[in-house]
Amino acid sequence: LPAAGVEIGELNWLAEAPEPGAEVELQIRHGAEPAPARVERVGERLTARFHEPQRAVTPGQSGVVFRGDRLLGGGRIRRGVRNPEALTAARGAA
């Protein structure tokens, strides 16, 4: 099933972490084009909502965060989030 969003843990930032509400691109599969997304929360984990639902959001794979051509950082995908309301409810809770 397609995922409305993603939760990424074990974060490693190479640049300043994006703020909630920031527009970013997330690469969730090797060789895939990064998908546009909006950051919902950042703390020990990053939670983001995709602009369009994404397939194959797989726990354990790398999730890489870009802003345009700039690599911001990344981590390990913890889970795909299927329910968009769960993303909004989590906003602000780190």
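The residue of region 5-46 that is surrounded by the most Cβ atoms within 10 Å (Cβ to Cβ), among those that are of a type in the set (A, V, I, L, M, F, W, C) and in contact with an Asp or Glu (Cβ under 9 Å, 6 or more places away or on another chain), is L46. Here A56 meets the list (1) aliphatic (A, V, I, L, M); (2) modelled with pLDDT of 95 or more; (3) in a loop (DSSP other than H, G, I, E, B) almost entirely, failing just condition (2).
In the condition set (1) under 14 Å from P2 (Cα atoms); (2) within 12 Å of the chain's Cα centre (by Cα); (3) not charged (D, E, K, R), A56 is compliant with all but (2). When we screen R49, R55 for residues that are touching a helix residue (DSSP H, G or I) at 6+ places or on another chain (Cβ under 8 Å) and either crowded, with 19+ Cβ neighbours inside 10 Å or farther than 9 Å from I8 by Cα (or both), the only hit is R49. If the condition is being in contact (Cβ under 8 Å) with a residue 12 or more places away in the chain and part of a loop (DSSP other than H, G, I, E, B), then region 59-72 contributes P59, G60, Q61, G68.
Does any residue of region 73-80 turn out to be of a type in the set (G, A, S), modelled with pLDDT under 95 and either closer than 17 Å to N12 by Cβ or not in a strand (DSSP E or B) (or both)? Checked region 73-80: no residue is of a type in the set (G, A, S), modelled with pLDDT under 95 and either closer than 17 Å to N12 by Cβ or not in a strand (DSSP E or B) (or both).
The values are calculated or read from the model by the stated rules, or taken from the named source; none is laboratory data. Here the structure is a predicted model, which means the values were calculated and not measured. FYI the Cβ positions are ideal-geometry reconstructions off the backbone, even for glycines, and counts take in every protein chain you see.
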